[in-house]
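A.B. asks: Quick one: structure below, then a few questions.
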Amino acid sequence: MKKFSNLRRVEGKSKVTGTALFIDDLNFPDMLHGITVRSPVARGILKKIHFDPSINWNDFVIVTAKDIPGQNIIHLIKEDWPFLVGERINHKGEAIVLLAHHDQQKLSEASTKISFEIETLPAIFTIDDSINKKEIIWGDDNCFKKYYINKGDIDLAFKDAFHVFEQTYRTLHQEQLYIEPQGAIAAYNELEGITVWGSLQCPYYVHGALTNLFNFSNEKVRIIQSETGGAFGGKEDYPSMIAGHAALLAYKAKKPVKLIYKRAEDLQVTTKRHPSQTTIKTAVDEGGKLLAMDIAFLLDGGAYATLSEVVLSRGTLHAAGPYFCENIRIKSKVMATNSPPNGAFRGFGAPQSIFAMERHLDNVARSIGITPEKIRTINFIKRGQTTATNQVLDEKLDFDSLLSTTLSKLKKDTKKSKHKHIKSGIGIATFMHGAGFTGSGEKYLASVAGIEAMDDGKIKILCASTEMGQGRNTIFAQVVSETLGIDPHHILTPAPDTLEAPNSGPTVASRTSMIVGKLLEHAANGLRNTLLAAGLIPEKYTEAKFIQALKIYKKKYGTLKSFHQYKQPEHIKWDDQTYQGDAYPTFAWACYGAQVSVNTLTYEIKVDNFVATQEVGRVLNRKLAEGQIEGGIAQGIGFAIFEKAIFKDGVMINNSFTNYIMPTALDLPRIHVYFKEWNKDYGPGGAKGIGELPLDGSGPAVINAVADALNICPDTIPYLPEDLMNDMEFLK
Amino acid sequence: MNTQKIKIQFTLNNQETIITTYPMKRLIDVLRDDLHLTGTKEGCGEGECGACAVFINGELVNSCLVPIIQVDGTIVSTIENFASDFELDRIQESFINNNGAQCGICTPGMILASSALLMKNANPNEQEIRTNLAGNLCRCTGYNKILDSVKEASKLIRKK
Ligand code: FES
Ligand code: FES
């Protein structure tokens with residue numbers, strides 16, 4: 001089979017010429033602009049809306065909760081998240097009124113002339129206050145979801161253990177910071193219903209949200225993805241909100257309405273990575289072997305349930321790390337607070353719990369006097385052993401080799417600083433990331449993807465998976481062309497349009513290449529078999545013969561499409577009740593290492609070198625895969641030492657690029673990426689998912705290096721110069 | 001914006017351009033909304049991300065910070081001036097070859113910033129590239145592939 005592993009990004013040309021059309025680049029005749037007017041308080045009861053009589057409101061399209069024709073609930077997991085405030089306000093910045101007008105200047109002026117009469121209620125902003133029920137703001141106990149995993153008997157194991165170590169670790173909010181702010185355009189007419197164009201990850205999430213919002217049948221809602229300028233999870237659930245708002249305005253105005261967030265608004269109201277608090281208690285023997293792990297993992301979910309329970313699930317399932325231990329207990333909870341809901345961000349809970357475990361192991365190693373490498377080597381999980389959920393790992397698994405590759409590349413670059421006030425240190429993190437949906441997730445989704453032959457002999461990909469920079473177009477074109485044995489330029493990869501694209505599931509969870517790519521591989525085989533059966537191609541054929549066969553088939557029979565639906569392999573067993581079994585079909589395995597230098601006068605932390613070694617099955621397309629890993633690591637380094645979101649009244653107040661600092665080209669080292677390709681049993685051609693993996697280990701590797709440089713124990717990220725200063729003052 | 005509209009005349013992508021608009025209107029809005037050149041992107045609107053970069057009289061500037069009145073009589077060049085669809089500029093070609101564009105929203109600005117650098121210094125080292133691109137934020141790539149793209153472009157330019 002001919003491989004196209006060097007295929008260049010298929011939409012690359014439109015991106016480098018600036019002709020790719022992002023949502024704000026689209027315009028329609030007679031289009032209005034929309035704006036959102038929001039709650040100034042974190043919690044309360046909305047009594048009245050005042051429209052200042054100095055404005056001629058007849059000029060404006062005005063929408064409030066009363067205008068909603070269907071259900072005022074964004075359909076996700078638990079049905080609690082309103083499009084617009086009806087009566088109860090649960091976080092600052094919650095949308096109350098929508099306005100539309102031709103003139104953006106008039107629109108923003110008018111938006112300041114609306115005020116609210118609100119009966120303010122006390123709000124809570126911390127996990128502790130939520131657990132202690134300082135106020136009950138959600139359900140009976142503020143808890144969106146909890147999980148409990150138990151393996152062996154930890155109480156017995158803790159008794160008489162050689163060494164018991166307990167510590168709490170925290171991670172704060174992190175913003176996805178896609179460079180293109182969120183936005184959508186909606187149009188309505190009676191015949192076709194609502195059409196939405198948007199910067200989004202999951203067309204069918206938006207579709208589901210809008211059919212409920214309007215009580216429309218499926219055919220009366222159409223969602224089309226525009227070019228999407230980064231997402232990283234941030235455009236998983238929130239686009240349903242913006243699309244809903246634009247659609248409500250368009251429905252009332254009977255004109256297209258464009259709603260694009262300014263950066264400050266985007267940072268203040270859209271979802272972020274859940275803040276976390278993880279307490280780990282471990283018992284080890286004299287040599288450092290883990291005898292028991294007791295883990296309490298807590299997340300701050302914000303005001304509504306949104307995706308929190310699945311974020312919690314993934315964080316919980318990754319909390320014990322890639323280590324074998326007979327006795328494990330994990331208890332986890334996600335709690336309500338009066339902040340905008342926290343949501344998906346690359347890694348989806350795992351970077352939080354993995355940060356805690358990887359810091360913890362270094363702390364344990366230090367307290368019993370062995371090296372960080374040693375404690376990991378002793379405890380690495382091996383083929384045939386079981387995870388916390390009693391999943392038996394049955395694939396090649398050689399963490400020692402991942403570790404030694406990383407260490408060898410890391411040590412080689414180490415230079416001892418000439419300046420006494422600059423201290424250098426090395427840190428590692430070893431971890432895994434489950435590819436695809438958790439447990440029975442893929443089974444329930446039962447995704448469908450397919451391909452269609454066009455009149456001109458080209459093949460069009462039909463699925464709802466989205467391109468957002470990660471390379472969906474290129475990987476799909478590559479998989480289908482490799483399967484059919486034709487050149488990739490014959491493959492068309494249009495952005496999803498729910499009118500024709502079947503639901504291949506959301507573009508999340510490192511599942512697109514592995515799961516949807518595999519469906520396309522099957523679909524391509526199906527199409528080839530159809531041509532074989534029709535006697536139009538022989539077993540071995542040339543590209544020209546194949547294209548000719550397509551055209552003949554089309555002429556004769558009209559259409560030629562081939563779809564494939566996901567079926568969970570029989571051997572995957574998962575119990576949602578007990579949280580036991582095969583949590584993921586497979587994992588990517590990794591060892592990351594960082595070398596840092598810390599200036600003890602200015603407290604500046606610099607990452608001088610970063611090495612990332614991972615096993616990911618077949619690397620489909622090296623440059624794309626490296627790009628994923630490098631970009632994820634940059635975000636992970638940001639998570640560790642740059643990106644601090646400051647919250648007041650439950651919302652981010654450093655809501656600009658000036659105050660929320662993401663790494664620039666000057667802040668990062670060259671990132672060295674190494675792949676191992678051991679286990680090729682999963683996705684197309686043997687690929688595993690890799691999208692989220694790099695975020696998991698980069699934060700703890702960097703912080704472990706800082707700890708190594710200065711002999712300190714940072715337990716909270718982001719860890720900024722001011723935090724380092726405080727810790728060093730404390731040590732004096 | 002209660003001020004009077006005024007007439008502004010400038011050279012845009014080699015064409016004489018006259019528009020009548022408010023003096024404080026941002027250049028980015030004139031380009032995108034009035035002249036339908038949407039290759040220039042808005043990431044932050046406050047001069048921090050470089051997605052809106054254009055050349056004014058050969059200098060790289062963030063067009064979200066420039067009121068149109070300052071553009072009167074100048075020569076402005078945007079990403080649309082870079083290459084026709086058929087013949088890609090060497091920098092653009094290198095960005096495609098090296099996966100220097102992922103989501104593509106920072107890319108027009110990155111390409112302009114790279115070109116500003118390569119015009120000054122045809123053979124920059126990695127640190128010089130980092131320094132010169134530090135005003136352009138990219139959330140997707142971690143910058144490795146962008147550095148590779150600029151290096152390859154530099155080679156191609158010098159080979160010419
Ligand atoms: S939009 Fe101008 S610098 Fe960000
Ligand atoms: S490629 Fe997405 S921000 Fe640079």
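A.B. asks: Taking every pair of Cα atoms in the range A:443-565, average 1/r, invert it to obtain the Kirkwood radius, and report Rg/Rh to two decimals. Numbers along the way, then the final one.
C.D. replies: On the way: Rg = 13.9 Å, Rh = 14.4 Å.
Using Cα coordinates only, the ratio equals 0.96.
A.B. asks: Continuing with the same structure: Tell me, what is the FRET efficiency for residue A:681 and residue B:72 to the nearest 0.05, using R0 = 60 angstrom and their Cβ-Cβ distance as r?
C.D. replies: 0.40
A.B. asks: Just subtract the alpha-carbon distance of residue A:131 and residue A:648 from 0.36 nm times their residue separation and send over the number in nm, one decimal.
C.D. replies: Taking 0.36 nm per residue and subtracting the Cα distance, the gain is 184.1 nm.
A.B. asks: Sticking with the crude label model, points 7 Å out along Cα→Cβ, report the distance from residue A:392 to residue A:104 in nm, one decimal please.
C.D. replies: Taking the two extended label points, one gets 6.1 nm.
A.B. asks: Roughly what percent of Cα-Cα pairs across the range A:329-468 reach past 22 Å?
C.D. replies: The answer is 64 percent, as a whole percent.
A.B. asks: Taking only C-alpha pairs under 8 Å that are 6+ residues apart, what is the relative contact order of chain A in percent? Working shown, then result.
C.D. replies: Details: 1802 pairs, mean separation 116.8, N = 732.
Worked out over chain A, it gives 16 percent.
A.B. asks: If a helix is a whole DSSP H run, which ones in chain B reach 18 Å or further along their own axis (Cα) and hold a mean Kyte-Doolittle hydropathy of at least 0.0?
C.D. replies: Once both thresholds are applied, what remains is B:107-120.
A.B. asks: Just in the range B:83-160: which chymotrypsin sites (Phe, Trp or Tyr not before Pro) are loop by DSSP and have at most 14 other Cβ atoms within 10 Å? Present the calculation step by step, with values, prior to reporting the outcome.
C.D. replies: Values: sites: B:86, B:95, B:143; in loops: B:86, B:143.
Here the sparse-neighbourhood loop sites are B:86.
A.B. asks: Radius of gyration and Dmax for the range A:67-124's Cα atoms, expressed in Å?
C.D. replies: Radius of gyration, then largest Cα-Cα span, for the range A:67-124: 14.1, 39 Å.
A.B. asks: Using a 1.4 Å probe over the heavy atoms of the protein chains, calculate the carbon and sulfur portion of the accessible area of the protein assembly as shown as a whole percent.
C.D. replies: Whole-percent figure for carbon plus sulfur exposure: 50.
A.B. asks: Next up: Rolling a 1.4 angstrom probe over the protein chains, ignoring ligands and nucleic acids, what is the accessible area of residue A:265 in square angstrom, nearest 10?
C.D. replies: 40
A.B. asks: Taking +1 at the Cβ of each Lys and Arg and -1 at the Cβ of each Asp and Glu, which of B:106, B:140, B:94 sits farthest along the dipole of the range B:90-159 towards its positive end, judged by Cα position relative to the Cα centre?
C.D. replies: Of the listed residues, the answer is B:94.
A.B. asks: Considering the range A:537-639, what Rg and Dmax in Å follow from its alpha-carbon atoms?
C.D. replies: Just the Cα atoms of the range A:537-639 yield Rg and Dmax of 24.6, 78 Å.
A.B. asks: Let me ask you something else. Over 24 Å between Cα atoms: which of A:47/A:113; B:25/B:145; A:133/A:644; A:458/A:567; A:518/A:561 fall into that group?
C.D. replies: On the way: A:47/A:113 17 Å; B:25/B:145 35 Å; A:133/A:644 27 Å; A:458/A:567 28 Å; A:518/A:561 17 Å.
Beyond 24 Å: B:25/B:145; A:133/A:644; A:458/A:567.
A.B. asks: Report the FRET efficiency, 1/(1 + (r/R0)^6), for residue A:556 and residue A:499, where r is their Cβ-Cβ distance and R0 is 25 Å, rounded to 0.05.
C.D. replies: 0.45
A.B. asks: Sticking with this one: In what order, largest first, do A:630, A:79, B:59 sit by accessible area if the probe radius is 1.4 Å? Mind showing how you got there, number by number?
C.D. replies: Values: A:630 5, A:79 90, B:59 120 Å².
Heavy-atom accessible area, descending, gives B:59, A:79, A:630.
A.B. asks: Under 1.5 on a/c is rounded, so check that first for the range A:423-476, then, if it is not, pick prolate when a/b is larger than b/c and oblate when it is not; a ≥ b ≥ c are the square roots of the alpha carbon gyration tensor eigenvalues.
C.D. replies: Judged from the Cα gyration tensor, the range A:423-476 comes out oblate (a/c at least 1.5, b/c at or above a/b).
A.B. asks: Using the C-alpha gyration tensor of chain A, what are the square roots of 5 times its eigenvalues, in whole angstrom, with the largest one first?
C.D. replies: Values: eigenvalues 321, 256, 111 Å².
They are 40, 36, 24 Å, listed largest first.
A.B. asks: Using alpha carbons only, what's the Rg to Rh ratio of the range A:240-292 with Rh from Kirkwood?
C.D. replies: Looking at the range A:240-292, the ratio lands at 1.53.
A.B. asks: Also, quick follow-up: Determine the order of B:131, A:377, B:107, A:498 by accessible area, beginning with the largest, at a probe radius of 1.4 Å. Working shown, then result.
C.D. replies: Values: B:131 75, A:377 55, B:107 0, A:498 20 Å².
Ranked list, largest accessible area first: B:131, A:377, A:498, B:107.
A.B. asks: Mind checking which of A:666, A:565, A:406 is farthest towards the positive end of chain A's charge dipole, using Cβ charges of +1 (Lys, Arg) and -1 (Asp, Glu) about the Cα centre?
C.D. replies: Final value for the positive-end residue is A:406.
A.B. asks: Determine the principal axes of the Cα atoms in the range A:69-183, then give the extent along each, sorted from largest to smallest and rounded to whole angstroms.
C.D. replies: 73, 36, 28
A.B. asks: How big is the accessible area of residue A:222 in square angstrom, nearest 10, if you roll a 1.4 angstrom probe over the protein chains?
C.D. replies: Accessible surface of residue A:222 is approximately 60 Å².
A.B. asks: Set the bar at 24 Å for Cα to Cα. Now go through A:551/A:680; A:331/A:573; A:66/A:258 and name every pair that lies beyond it.
C.D. replies: A:551/A:680
A.B. asks: Using only helices, what value at 222 nm comes out for chain B when you add -39,500 (n - 2.57) per DSSP H run of length 4 or more and divide by the total residues, to the nearest 500 deg cm²/dmol? Provide the component values of the computation, followed by the final result.
C.D. replies: Values: 4 runs with 45 residues, N = 160.
Mean residue ellipticity, 222 nm, calculated: -8500 deg cm²/dmol.
A.B. asks: In terms of Cα to Cα distance under 18 Å, which aspartates and glutamates are near enough to residue A:48, apart from those fewer than 8 places away along the same chain?
C.D. replies: Straight-line reach from residue A:48, under 18 Å: A:67, A:87, A:94, A:117, A:119.
A.B. asks: Taking 8 Å as the Cα distance limit and 6 or more residues as the minimum spacing, I'd like the relative contact order of the range B:6-81 as a percentage.
C.D. replies: 39
A.B. asks: Distance between Cα centroids, the range A:309-326 to the range A:479-503: provide it in whole Å.
C.D. replies: So the separation of the two Cα centres works out to 35 Å.
A.B. asks: On to the next question. Remind me, relative contact order of the range A:619-709 in percent, using alpha carbon pairs under 8 angstrom and six or more residues apart? Let's see the in-between values first.
C.D. replies: Values: 76 pairs, mean separation 40.3, N = 91.
Relative contact order here is 44 percent.
A.B. asks: How large is the charge dipole for the range A:341-432, taken about the Cα centre, if only the Cβ atoms of Lys, Arg (+1) and Asp, Glu (-1) carry charge, to the nearest 20 debye?
C.D. replies: The dipole magnitude comes to about 700 debye.
A.B. asks: With the alpha-carbon atoms as the only input, what is the per residue convex hull volume for the range B:6-81 in Å³?
C.D. replies: Dividing the Cα hull volume of the range B:6-81 by its residues yields 73 Å³.
A.B. asks: So what's the projected area for the range A:336-377, the Cα convex hull averaged over all directions, in nm²? List each step's numbers first, then the result.
C.D. replies: Details: hull surface 17.5 nm².
For the Cα atoms of the range A:336-377, the hull's average projected area reads 4.4 nm².
A.B. asks: Using only the alpha carbons of the range B:90-159, determine the length spanned along each of the three principal axes and report them from longest to shortest in whole angstroms.
C.D. replies: 29, 22, 17
A.B. asks: When only the heavy atoms of the protein chains count and the probe is 1.4 Å, how do A:648, A:66 rank by accessible area, highest first?
C.D. replies: If we order A:648, A:66 from most to least accessible, we get A:66, A:648.
A.B. asks: Of A:146/A:374; A:272/A:333; A:13/B:159; A:15/A:545, which sit over 29 Å apart, Cα to Cα?
C.D. replies: Check vs 29 Å cut-off fails for A:146/A:374; A:15/A:545.
A.B. asks: Let me ask something additional. To the nearest 0.05, how large is the calculated FRET efficiency for residue A:218 and residue A:577 if R₀ is 25 Å and r is the Cβ-Cβ distance?
C.D. replies: 0.20
A.B. asks: If you don't mind, another one. Which whole-number percent of Cα pairs in the range A:267-382 have a distance greater than 22 Å?
C.D. replies: 37
A.B. asks: Let me test this: with uniform point scatterers at the alpha carbons of the range A:1-136, what is the Debye-based log₁₀ I(q)/I(0) at q = 0.15, 0.17 1/Å?
C.D. replies: Debye intensities relative to I(0), on a log10 scale: -0.89, -1.02.
A.B. asks: Oh, and also: If you find the alpha carbon centre of the range A:425-439 and of the range A:336-385, how far apart are they in angstrom?
C.D. replies: 8
A.B. asks: Return the percentage of antiparallel bridges among DSSP beta bridges fully within chain A, rounded to the nearest 5 %.
C.D. replies: If I count the DSSP bridges inside chain A, around 80 percent turn out antiparallel.
A.B. asks: Now for a different question. Treat every Asp and Glu Cβ in chain A as -1 and every Lys and Arg Cβ as +1, leave all other atoms uncharged, and give the resulting dipole magnitude about the Cα centre to the nearest 20 debye.
C.D. replies: Here chain A has a charge dipole of around 1640 debye.
A.B. asks: Determine the total buried accessible area between chain B and chain A, counting protein heavy atoms only with a 1.4 Å probe; round to the nearest 100 Å². Each step should come with its number before you reach the end.
C.D. replies: Details: alone 8790 and 28070 Å², together 32650 Å².
Heavy-atom accessible area buried at this interface is about 4200 Å².
The values are calculated or read from the model by the stated rules, or taken from the named source; none is laboratory data. All of these numbers come straight from a predicted model, not from anything done at the bench. Note that each Cβ is placed from the backbone with ideal geometry, even for glycine, and that neighbours are counted across all protein chains shown. Heavy atoms of the whole protein, side chains included, go into the accessibility calculation; ligands, DNA and RNA do not. Shrake-Rupley method; radii C 1.70, N 1.55, O 1.52, S 1.80 Å.
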